[in-house]
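S.K.: Sharing a structure, written as structure tokens. Questions coming.
The values are calculated or read from the model by the stated rules, or taken from the named source; none is laboratory data. This one's a predicted model, so the numbers in the text were calculated from it and none came from an experiment. Quick reminder, even Gly has a Cβ in these numbers, built from the backbone with ideal geometry, and neighbours come from all protein chains shown.
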Amino acid sequence: MGSILESINYPKDIRGLDTEGLKTLCGEIREYIVNCCSSNPGHLASSLGAVELIVGLHYVYNTPSDKIVFDVGHQAYAHKILTGRKEDFKKNRMAEGLSGFPNRDESPYDAFGAGHASTSISAALGLSKAARLTGSNEKVVAMIGDGAMTGGLALEGMNNAGEADDDILVILNDNEMAIDGNRGALHSYLLKFTTNPAYNKIKTSVWNHLGSSRFRSWIQRVVRKIKAGLVNKSGGDLFEAFGFRYFGPIDGNDIEEVVRTLRRLKDIKGPKLLHTCTVKGKGYAPAEADPTTWHAPGKFEPKTGKRLSGPYKADRYQDVFGEVLRNLARKDPKVVGITPAMATGSGMAVFAKEFPDRFFDVGIAEEHAVTFAAGLAAGGMKPYCCIYSTFAQRAYDEIIHDVALQHLPVVLCFDRAGLVGEDGATHQGVFDMSSLRGIPNTVIAVPKDEKELKDLMYKGLEIKDGPYILRYPRGMGEGVEWREAEPSPVVTGKAEKLLDGAEVAVLALGPVVYRAMEAARRLEEQTGKRPSVYNMRFLKPFDAGVMDEISGARAILTVEDGALKGGLFSEVSEYIASRGLKTVVKGLGVPDRFISQAPVGEQRKSCGIDAGGIYSELLELFKNN
């Protein structure tokens, strides 16, 4: 007899199942996710914990007419499997395959794209308001994790939604809080009573008869305070204060309870919040035991849980950053570390362990992280604030207003800068240089390798004016020695000449310097032509002295792991144009389009910033100039 999942292609296929059938289906979905992710890595633990919630939502709601809005998207794998993408899920996060996150271009069941946290409530409110304005009766549900609820945008959305009084349901998927303490006779009675259709019909009638008088408002406030007092152990008082009716917590891994509760909530009017408690990594023992590691574990053996990533060929930039930051903190008691919920991913766990009083995880709140760092700097500390480049986009105003404008010495460390691989378009860190280059008082440093990252981090101790932005890529470095090497002094805004040549000059930023050197050597071997190659090291301040050195060159090629528009290519082109020079300038970088998921090597090749692409461009420049 075949599995239930084999016969499921769309949500309509599950709506005839009984409770036992739904339980079996949830187990099969988990097994399918584990097997697929074991050979094709993805975000595992979060999606395993959310299976029953997603099955329950598609069982009770009429999707895709009714809308489910996911937050971040790490938890949405079961959703993809149930919505016509079961076979395609085997190519999740692969080139020409599925995006790792909900994507409106991929399926009508993906009501709203989600790669960054805390967006779901605002988006759900917009969808609900649009439905009301167009006369649609569709229901809208936002599913948000407890981590994403720490983001300011989530609270902004709640504040607006509570006042707007639209019929939206927010499911708070809490995988940290224990369930046991909130179980018992009183809790069970309150949940059943407050979701009972008869009770809600009477309640609505009472409010309607009271009209819009001050007396009604006073009565409602009294009732909310009484209810909040009964549920405040679950955090319900906070959500009631936002204007949401709070229900829960319930066991989000109990499909029977999930379905029963969703059915009762479906037709209750106004903004509602259902608090569900789930187990991250549910159903897969290794992931349950260590959900942080199994958030995105790489390849593994599904039966044993043995991870197959093996030893790294070189140190990862994030690990270099973490160890150097720890060493800086040993030298200087004013050094502090800040992260918006990325302690492990950014390599700061080693720093946090040794200096817990000087480590600050502020939650998923990038704007707050930057302004908090600015406050620390204003108080005489030396903050190193580490944010993934793609998430730093959210803190643009704070970088200008709270750091640069006030000349505060904040070191902003942008991890995962450049192309990031399988996470795809939502996570590419390619817009930082072009967006930040125009900010006064700003230094933008881009190390070519692990050793230079160390050097530039030490340089951060010296800054008196800020921001000092240090961007470095995801993954492994170039394999250069950095641990035992003493930090080398670096002059701000000074480039490094790596190869002396003629006719064509290559100006490169970051690790693409190594690809440029490889291309230059290949060109010399095959044609006898040799370009000069510079490691620019700083986008800002720009080393104009290099332009004087290469004044005799007929052509300049810029290479960068970032948006071509607004970055190094623009800087050099502006310099040439402002001085009326006739030098030909060509640029290689990320073109004016969003780069989809694929291995980083494939993405670099598609953008022409691998060694082969640089070689081809050099060949043309020598030939035509």
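S.K.: Restricted to the stretch 59-94, and to residues that are touching an Asp or Glu at 6+ places or on another chain (Cβ under 6 Å) and not basic (Lys, Arg), which residue is farthest from Arg263 (Cα to Cα)?
M.R.: Filtering the stretch 59-94 for residues that are touching an Asp or Glu at 6+ places or on another chain (Cβ under 6 Å) and not basic (Lys, Arg), the one farthest from Arg263 (Cα to Cα) comes out as Ser65.
A quick yes/no check of all residues on (1) among the hydrophobic types (A, V, I, L, M, F, W, C); (2) at pLDDT below 95; (3) within 17 Å of Ile29 (Cα to Cα); (4) not assigned by TED's automatic domain parsing to the domain that holds Val170:
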position	(1), (2), (3), (4)
Asp71	no, yes, no, no
Lys80	no, no, yes, no
Thr83	no, no, yes, no
Arg93	no, yes, no, no
Leu98	yes, yes, no, no
Phe101	yes, yes, no, no
Gly113	no, yes, no, no
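S.K.: Something else: What number of residues within the stretch 547-575 satisfy the criterion of being closer than 22 Å to Leu619 by Cα and either among the β-branched types (Val, Ile, Thr) or under 26 Å from the mean Cα position of the chain (by Cα) (or both)?
M.R.: The qualifying residues number 9.
S.K.: Going residue by residue through the stretch 273-288, is there one that turns out to be in a helix (DSSP H, G or I), within 24 Å of the chain's Cα centre (by Cα), in the same structural domain as Thr24 (by TED's automatic domain parsing) and surrounded by fewer than 17 Cβ atoms within 10 Å (Cβ to Cβ)?
M.R.: Yes, the stretch 273-288 has at least one match.
S.K.: Looking at (1) of a type in the set (A, V, I, L, M); (2) modelled with pLDDT under 50; (3) surrounded by fewer than 21 Cβ atoms within 10 Å (Cβ to Cβ), which one does Val231 not meet, given that it meets all the others?
M.R.: It fails just one condition, (3).
S.K.: Tell me which residues, restricted to the stretch 119-140, are part of a loop (DSSP other than H, G, I, E, B) and either touching a Ser or Thr at 6+ places or on another chain (Cβ under 8 Å) or surrounded by fewer than 21 Cβ atoms within 10 Å (Cβ to Cβ) (or both). Can you show your working first?
M.R.: First, pick out the residues of the stretch 119-140 that are part of a loop (DSSP other than H, G, I, E, B): 119, 134-139.
Result: Thr134, Gly135, Ser136, Asn137, Glu138.
S.K.: Suppose we filter the stretch 267-318 for residues that are among the polar types (S, T, N, Q), under 19 Å from Tyr77 (Cβ atoms) and out of contact with any Gly (no Cβ under 7 Å at 6 or more places or on another chain); how many remain?
M.R.: So the count comes out to 2.
S.K.: Give the residue that is surrounded by the fewest Cβ atoms within 10 Å (Cβ to Cβ), with candidates limited to residues of the stretch 608-625 that are in contact (Cβ under 8 Å) with a residue 40 or more places away in the chain and part of a loop (DSSP other than H, G, I, E, B).
M.R.: Asn625
S.K.: Confirm whether Met143 is surrounded by 20 or more Cβ atoms within 10 Å (Cβ to Cβ), modelled with pLDDT of 95 or more and under 30 Å from Ala45 (Cα atoms). I'd like the intermediate steps shown before the answer.
M.R.: Values: surrounded by 20 or more Cβ atoms within 10 Å (Cβ to Cβ): yes; modelled with pLDDT of 95 or more: yes; under 30 Å from Ala45 (Cα atoms): yes.
Yes, satisfied.
S.K.: Run Trp482 past the list (1) among the hydrophobic types (A, V, I, L, M, F, W, C); (2) under 27 Å from Ile576 (Cα atoms); (3) surrounded by 15 or more Cβ atoms within 10 Å (Cβ to Cβ) and report the number of the one that doesn't hold.
M.R.: Status for Trp482: all satisfied but (2).
Residues are listed down the side, and each one gets a yes or a no for (1) within 23 Å of Gly73 (Cα to Cα); (2) touching an Asp or Glu at 6+ places or on another chain (Cβ under 7 Å):
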site: Ile399; (1), (2): no, no
site: Thr426; (1), (2): yes, no
site: Asp449; (1), (2): no, yes
site: Asp465; (1), (2): no, no
site: Tyr472; (1), (2): no, yes
site: Ala485; (1), (2): no, no
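This table checks each residue for (1) outside the structural domain of His116 (by TED's automatic domain parsing); (2) touching a Leu at 6+ places or on another chain (Cβ under 6 Å); (3) buried (at least 22 other Cβ atoms within 10 Å of the Cβ).
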residue	(1), (2), (3)
Val324	yes, no, yes
Val335	yes, yes, yes
Ser346	yes, no, yes
Ala352	yes, no, no
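S.K.: Can you find a residue that is in contact with a strand residue (DSSP E or B) (Cβ under 8 Å, 6 or more places away or on another chain), within 30 Å of Ser309 (Cα to Cα) and assigned by TED's automatic domain parsing to the domain that holds Val279 anywhere in the stretch 20-35? So that I can check it myself, show each step before the final result.
M.R.: Taking the stretch 20-35 and keeping what is in contact with a strand residue (DSSP E or B) (Cβ under 8 Å, 6 or more places away or on another chain), we get none.
No, the stretch 20-35 contains no residue that is in contact with a strand residue (DSSP E or B) (Cβ under 8 Å, 6 or more places away or on another chain), within 30 Å of Ser309 (Cα to Cα) and assigned by TED's automatic domain parsing to the domain that holds Val279.
S.K.: Now a separate question. Considering only residues that are free of Cβ contacts under 8 Å to residues at least 24 places away in the same chain and touching a Ser or Thr at 6+ places or on another chain (Cβ under 9 Å), look in the stretch 13-30 and name the one that is farthest from Glu257 (Cα to Cα).
M.R.: Step one: of the stretch 13-30, the residues free of Cβ contacts under 8 Å to residues at least 24 places away in the same chain are 13, 16, 18, 20-21, 24.
Add one more test, that the residue is touching a Ser or Thr at 6+ places or on another chain (Cβ under 9 Å), and what stays is 13, 24.
Numbers: Asp13: 20, Thr24: 15 Å.
Per the stated criteria, the residue is Asp13.
S.K.: Can you find even one residue in the stretch 462-478 that is buried (at least 17 other Cβ atoms within 10 Å of the Cβ), of a type in the set (A, V, I, L, M, F, W, C), more than 28 Å from the chain's Cα centre (by Cα) and assigned by TED's automatic domain parsing to the domain that holds Cys386?
M.R.: Yes, because at least one residue in the stretch 462-478 is buried (at least 17 other Cβ atoms within 10 Å of the Cβ), of a type in the set (A, V, I, L, M, F, W, C), more than 28 Å from the chain's Cα centre (by Cα) and assigned by TED's automatic domain parsing to the domain that holds Cys386.
S.K.: Quick one: in the stretch 89-109, which of the residues that are closer than 16 Å to Ser47 by Cα and of a type outside the set (S, T, N, Q) is surrounded by the fewest Cβ atoms within 10 Å (Cβ to Cβ)?
M.R.: Across the stretch 89-109, the extreme among qualifying residues is Lys90.
S.K.: Within the stretch 39-82, can you find the residues that are assigned to a loop (DSSP other than H, G, I, E, B) and of a type in the set (Asp, Glu)? Show your work before the answer.
M.R.: Going through the stretch 39-82, the residues assigned to a loop (DSSP other than H, G, I, E, B) turn out to be 40-44, 50, 61-66, 71-76.
Hits for the stretch 39-82 are Asp66, Asp71.
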